[in-house]
Amino acid sequence: MKEGEVAFDGIPGRAFEFYRELEGDNTREYWHAHKADYDSAVRGPLQALLAELEEEFGPAKLFRPQRDTRFSADKSPYKTTQGATVGGEGSAGYYLQLGADGLFAGAGFHPFSSEALGRYRSAVDDDKAGQELQAIVDRLEKKGFSLVGERIKTRPRGCPADHPRVGLLRYTSLGAEKRIPKTKATGRQALREVRDAWRELRPLVDWFGAHA
């Protein structure tokens, strides 16, 4: 932690209640009436948690709570989760999300540029690098992580149907995440849960850094 930063002492239950209520009343009136709850129960604790993880994983960025509704039919003004990422835009990194049901801790690479997508698919196609990634994601799934990301409906052009890693080749962005329920997301335990999840995800981040 840096000098002047507040030590993390847990995520209060009010954080999850705040988002449950926001799901039912996503209005500017509700938000402004409960802005103090957001600052004290959501933003402040998350900033403190991420500050304690910064030395090991790097600085984090919290997303804006407002939604960009310019090109969306859904004009709800606020996101019903608070997200944060560690890692620059377009690079592999970690993420954390707080919502009504608890936390999600994950990591991945999104979005792929066309060049990065080509590097990713070449690495997956390569026997050594591809088998390494397959082993990483298999191990993560056994530990309770779910693979997430955008996928094409079929296989990439030129990919044989019997390719041993055709499932991975279908991804155009790829990550893995694990839900941390509210029972484990309060108190100092939340810090341990997120740290442990990110440590388990480090091989995936490192693979992307080396190959994509």
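Derivation of every value follows stated rules applied to the coordinates shown; laboratory data play no part. The structure displayed is predicted, hence computed values, not measured ones. So basically every Cβ, Gly included, is an ideal-geometry build from the backbone, and we count neighbours across all protein chains shown.
Here is how the numbers come out for the structure above:
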| read-out | value |
| --- | --- |
| Gain in span if fully extended, Gln134 to Gln66, counting 0.36 nm per residue against the direct Cα distance | 20.8 nm |
| Gain in span if fully extended, His163 to Ser114, counting 0.36 nm per residue against the direct Cα distance | 15.5 nm |
| Mean-position separation - Cα centroids, the stretch 168-211 and the stretch 1-77, in angstrom | 19 |
| Label-to-label distance, nm, for residues given as Ala7 and Glu23 (7 Å Cα→Cβ offset) | 3.4 |
| Trypsin sites (Lys or Arg not before Pro) restricted to the stretch 96-170 and DSSP loop, no more than 15 other C-beta within 10 Å | Lys143, Lys153, Arg157 |
| Dipole axis of the stretch 13-211 (+1 Lys, Arg; -1 Asp, Glu on Cβ), positive-most option in Ser113, Gly102, Tyr171 | Tyr171 |
| Principal-axis tilt of helix 189-211 within the chain, Cα atoms, nearest 10 degrees | 30 |
| Viscosity 0.692 mPa s, temperature 37 °C, Stokes-Einstein D of the chain from Kirkwood C-alpha radius, µm²/s | 177 |
| Theoretical ellipticity at 222 nm over the chain - DSSP helices of four or more residues, -39500 (n - 2.57) apiece, nearest 500 | -13000 deg cm²/dmol |
| Where trypsin sites (Lys or Arg not before Pro) fall in DSSP loop in the stretch 1-78, at most 12 other Cβ within 10 Å | Lys2, Arg70, Lys75 |
| Folded to 0 to 90 degrees: helix 114-125 orientation relative to the chain principal axis, Cα | 60 |
| Built amide H within the under 5 Å cut-off of Gly93, gap 5+ | Gly108 |
| Violating pairs (Cα-Cα greater than 32 angstrom) within the set Lys61/Lys182; Lys128/Lys182; Lys128/Lys153; Lys35/Lys184 | Lys128/Lys182 |
| Integer Hz, Karplus 6.51/-1.76/1.60 couplings in order for the stretch 47-57, x for Gly and Pro | 4, 5, 4, 5, 5, 6, 9, 4, 4, 8, 10 |
| Lys, Arg +1 and Asp, Glu -1 on Cβ, resulting dipole of the stretch 13-211 about Cα centre, debye, nearest 20 | 300 |
| Cα-based Kirkwood hydrodynamic radius, the stretch 119-212, one decimal, Å | 14.5 |
